[in-house]
Amino acid sequence: MGAGLHARPDDADARLVGVLRLLNALIGIRLRSVSDPESRRHLNWLNDIIAAVGLLSQRLATGRLTDFTAYLASAVEFWSRGDADRQITLTAPSQPVSLGDLRAACLAIIAHELIGAAVARPRRPDGVGEVSVRIEQSSHEVRLTVEGDGGEVTEATEESLELVRGLAEHLGGSIEVTANGRRSICVILSAERARAPRH
């Protein structure tokens, strides 16, 4: 039966990344024949989530997930390629922000959801679009903040916010939403106990 259950972990990781890429391709093919706007919105959302998990899986596969900021840098690069005219900046501490696999996976989806929602909102009247991403870590908590131009609150943005809130609560955390010309969403998680880096 080939590799099967006896596959080495790195082989399994590589296959997972390949499967996720295949799913992205399948959704892209399906989108060619879908004209309903709501269906297209949901398929594009699913494609973005699979891309988020794929980016994280590549980092897990290399055994280098010791600093979540490295993942965030790849996520910012991903979104910047899709909208070259919108400035997306990342602010992170000099010390590594280490997360366990479950938290990293959930926070990766949260980051993609927040960055994607910020990028989708209308730009300012002067045509400028700016999104800032910030990750902070203290002895008792980790905070991920995404801030962008305000824009209209729609059903889609409420869906996005509900997903982020649900994932944060799943991890025992919470969110803070601020809107005063710019819309800022901060996800707050309690700090994990220290653990040895992955090798």
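How large is the accessible surface of GLU176 in square angstrom, using a 1.4 angstrom probe and rounding to the nearest 10?
Using a 1.4 Å probe on the heavy atoms, I get roughly 90 Å².
At 1.4 Å probe size, what's the solvent-accessible area of SER174? Round to the nearest 10 Å².
For SER174, the solvent-accessible surface is approximately 60 Å².
How high is the FRET efficiency between LEU90 and SER174 when r is their beta carbon distance and R₀ equals 22 Å, given to the nearest 0.05?
On the way: r = 23 Å, r/R0 = 1.02.
For R0 = 22 Å, the calculated efficiency reads 0.45.
Starting from the residue with the highest accessible area, list PHE78, PHE68 in decreasing order, probe 1.4 Å.
Numbers: PHE78 55, PHE68 5 Å².
Sorted by accessible area, descending: PHE78, PHE68.
The values are calculated or read from the model by the stated rules, or taken from the named source; none is laboratory data. Every value quoted in this text rests on a predicted model; they were computed, and no experiment measured them. Don't worry about glycine lacking a Cβ; one is built from the backbone with ideal geometry, like all the others, and counts go over all protein chains shown. The area values use the complete protein model at the heavy-atom level, side chains included, leaving out ligands, DNA and RNA. Shrake-Rupley method; radii C 1.70, N 1.55, O 1.52, S 1.80 Å.
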